[in-house]
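Enquirer: Submitted below is the structure of interest, expressed as structure tokens.
The values are calculated or read from the model by the stated rules, or taken from the named source; none is laboratory data. Values in this document were obtained by computation on a predicted structure and should not be read as measured data. No Cβ is skipped: glycine too gets one built from the backbone with ideal geometry, and neighbour counts run over all protein chains shown.
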Amino acid sequence: MEERRIKKLAEMLLKAECEKKPIPPLTETDPDIGVEEAYQIQLHLIERKKATGRVVVGKKIGLTSLAMQAMLGVKEPDYGHILNDMIIMEGEKIKLADLIAPRLEGEIAFILKEDLQGPGVTISEVLRGSAGIMPALEIIDSRIRDWKIKLPDTVADNASSARVVLGGKLTPLLNLDLRTVGMVLEKNGEIIATAAGAAVLGHPAQAVAWLANKLATYGLTLRKGEIILSGSLTAALPIAPGDFFRADFGHLGDVKIKFA
């Protein structure tokens, strides 16, 4: 895809996000768009945001469940960038008016203490290279109308990312089996989903290893200090004004957010 077309599609997504007006799927606007072109659009979009002073503070991994991969007809996850203005502190409220069609996911966030550079990164290297994990909520959103997305649509749209809420507790990984880490997700005080870490590619650290190795194909590295969202443990949940969500990870702590 020529650079002019990449820039035009990226600008369409940026305008949709800024004006809160979704656009038709890029795969309808440009039926020949593929995943590699979609990542080029994403990178251009991120560079445009960085030019305004925003800073990349991490990455997010999506499509880590077999169900979501089957729905989009793919065999691997995707990824996007986390920027500093996407991070929401616990205690703050998220204004739904700032988003288009948000949904919420409960996740495990890795905080890196070392660079992770592929290829060949393994689960053990991810565990050794992480300062620990934190409970997290990811608010995803789509600049594509009615969430009518194919894989290139969500990849170009920065993996449908929007906001990230981190819990207040960092837990070291020593002697911690992330496959059996449990999560209870509550909405307005009612339990609506439960899950274990194994829901994410069999092991959340496997998702981080996949990302490090995927980025190596573009000459990129996961950096010390970055926040890495390893993928949703449950299906994404719709959000309405006034909703209060809490993800409880037991002794690992919890994370909560209120929507205005």
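Enquirer: Give me the residue from the range 132-170 that is among the hydrophobic types (A, V, I, L, M, F, W, C) and in a helix (DSSP H, G or I) and, out of that set, surrounded by the most Cβ atoms within 10 Å (Cβ to Cβ). Full working, then the answer.
Expert: Step one: of the range 132-170, the residues among the hydrophobic types (A, V, I, L, M, F, W, C) are 133-134, 136-137, 139-140, 144, 147, 149, 151, 155-156, 159, 162, 164-166, 170.
Still in the running and in a helix (DSSP H, G or I): 147, 151, 155-156, 159.
Details: TRP147: 17, LEU151: 20, VAL155: 28, ALA156: 33, ALA159: 24.
Selected residue: ALA156.
Enquirer: Quick one: in the range 197-224, which of the residues that are small (Gly, Ala, Ser) and assigned to a loop (DSSP other than H, G, I, E, B) is farthest from ILE108 (Cα to Cα)? Let's see the steps before the verdict.
Expert: Within the range 197-224, the subset small (Gly, Ala, Ser) is 197-199, 202, 205, 207, 209, 212, 216, 219.
Subset that is assigned to a loop (DSSP other than H, G, I, E, B): 202, 219.
Details: GLY202: 13, GLY219: 26 Å.
Per the stated criteria, the residue is GLY219.
Enquirer: Still on this structure, I have one more. Is there a residue being crowded, with 19+ Cβ neighbours inside 10 Å, within 21 Å of TYR39 (Cα to Cα) and either of a type in the set (Val, Ile, Thr) or under 19 Å from the mean Cα position of the chain (by Cα) (or both) anywhere in the range 197-208?
Expert: Taking every residue of the range 197-208 in turn, at least one turns out to be crowded, with 19+ Cβ neighbours inside 10 Å, within 21 Å of TYR39 (Cα to Cα) and either of a type in the set (Val, Ile, Thr) or under 19 Å from the mean Cα position of the chain (by Cα) (or both).
Enquirer: I'd like the full set of residues that are within 25 Å of VAL181 (Cβ to Cβ), touching a Gly at 6+ places or on another chain (Cβ under 8 Å) and either buried (at least 20 other Cβ atoms within 10 Å of the Cβ) or in contact (Cβ under 8 Å) with a residue 60 or more places away in the chain (or both), limited to the range 216-244.
Expert: Of everything in the range 216-244, those that are within 25 Å of VAL181 (Cβ to Cβ), touching a Gly at 6+ places or on another chain (Cβ under 8 Å) and either buried (at least 20 other Cβ atoms within 10 Å of the Cβ) or in contact (Cβ under 8 Å) with a residue 60 or more places away in the chain (or both) turn out to be GLU226, ILE227, ILE228, LEU229, GLY231, SER232, LEU233, THR234.
Enquirer: Looking only at the range 171-178, decide whether some residue is under 20 Å from the mean Cα position of the chain (by Cα) and assigned to a loop (DSSP other than H, G, I, E, B). Don't jump to the end; show me each part of the working.
Expert: Going residue by residue through the range 171-178, those that are under 20 Å from the mean Cα position of the chain (by Cα) are 178.
Of the ones still in play, those that are also assigned to a loop (DSSP other than H, G, I, E, B) are 178.
Within the range 171-178, one or more residues are under 20 Å from the mean Cα position of the chain (by Cα) and assigned to a loop (DSSP other than H, G, I, E, B).
Enquirer: Oh, and also: Taking the stated definitions as given, is ALA109 modelled with pLDDT of 95 or more, farther than 26 Å from VAL165 by Cβ, hydrophobic (A, V, I, L, M, F, W, C) and crowded, with 17+ Cβ neighbours inside 10 Å?
Expert: It is false that ALA109 is modelled with pLDDT of 95 or more, farther than 26 Å from VAL165 by Cβ, hydrophobic (A, V, I, L, M, F, W, C) and crowded, with 17+ Cβ neighbours inside 10 Å.
Enquirer: Just one of the numbered conditions (1) closer than 30 Å to ILE123 by Cβ; (2) of a type in the set (A, V, I, L, M); (3) part of a loop (DSSP other than H, G, I, E, B) is not true of ALA101; which one?
Expert: (1)
Enquirer: Given GLY120, GLY129, GLY202, GLY182, which one is farther than 25 Å from GLN40 by Cα and either touching a residue at least 40 places away in the same chain (Cβ under 8 Å) or aromatic (Phe, Trp, Tyr) (or both)?
Expert: Values: GLY120 fails: farther than 25 Å from GLN40 by Cα; GLY129 fails: either touching a residue at least 40 places away in the same chain (Cβ under 8 Å) or aromatic (Phe, Trp, Tyr) (or both); GLY202 fails: either touching a residue at least 40 places away in the same chain (Cβ under 8 Å) or aromatic (Phe, Trp, Tyr) (or both).
Exactly one of GLY120, GLY129, GLY202, GLY182 is farther than 25 Å from GLN40 by Cα and either touching a residue at least 40 places away in the same chain (Cβ under 8 Å) or aromatic (Phe, Trp, Tyr) (or both), namely GLY182.
Enquirer: Sticking with this structure for a sec: List pairs: first residue in the range 41-54 and free of Cβ contacts under 8 Å to residues at least 40 places away in the same chain and in a loop (DSSP other than H, G, I, E, B), second residue of a type outside the set (Ser, Thr, Tyr) and surrounded by 13 or more Cβ atoms within 10 Å (Cβ to Cβ) anywhere in the structure, Cβ distance under 7 angstrom, at least six positions apart or on different chains.
Expert: Correct list of pairs: ARG54/LEU83; ARG54/ASP85.
Enquirer: Could you say whether any residue in the range 168-180 is of a type in the set (Gly, Ala, Ser) and modelled with pLDDT of 95 or more? So that I can check it myself, show each step before the final result.
Expert: Within the range 168-180, the first condition is being of a type in the set (Gly, Ala, Ser), and the residues that meet it are 168.
Retained after the next criterion (residues that are modelled with pLDDT of 95 or more): none.
No, the range 168-180 has no match at all.
Enquirer: Here is a further query. Looking at (1) touching a strand residue (DSSP E or B) at 6+ places or on another chain (Cβ under 7 Å); (2) within 27 Å of TRP147 (Cα to Cα); (3) in a loop (DSSP other than H, G, I, E, B), can you tell me which one PHE245 breaks?
Expert: Single failed check for PHE245: (3).
Enquirer: Moving to a separate point now. Among what's in the range 12-40 and is of a type in the set (Val, Ile, Thr) and not in a helix (DSSP H, G or I), pick the residue that is farthest from LYS150 (Cα to Cα).
Expert: So in the range 12-40, the residues of a type in the set (Val, Ile, Thr) come out as 23, 27, 29, 33, 35.
Retained after the next criterion (residues that are not in a helix (DSSP H, G or I)): 23, 33.
On the way: ILE23: 14, ILE33: 11 Å.
Residue satisfying both the conditions and the ranking: ILE23.
Enquirer: For the range 180-196, give me the residue count where each residue is over 30 Å from ILE123 (Cα atoms) and not in a strand (DSSP E or B).
Expert: 2
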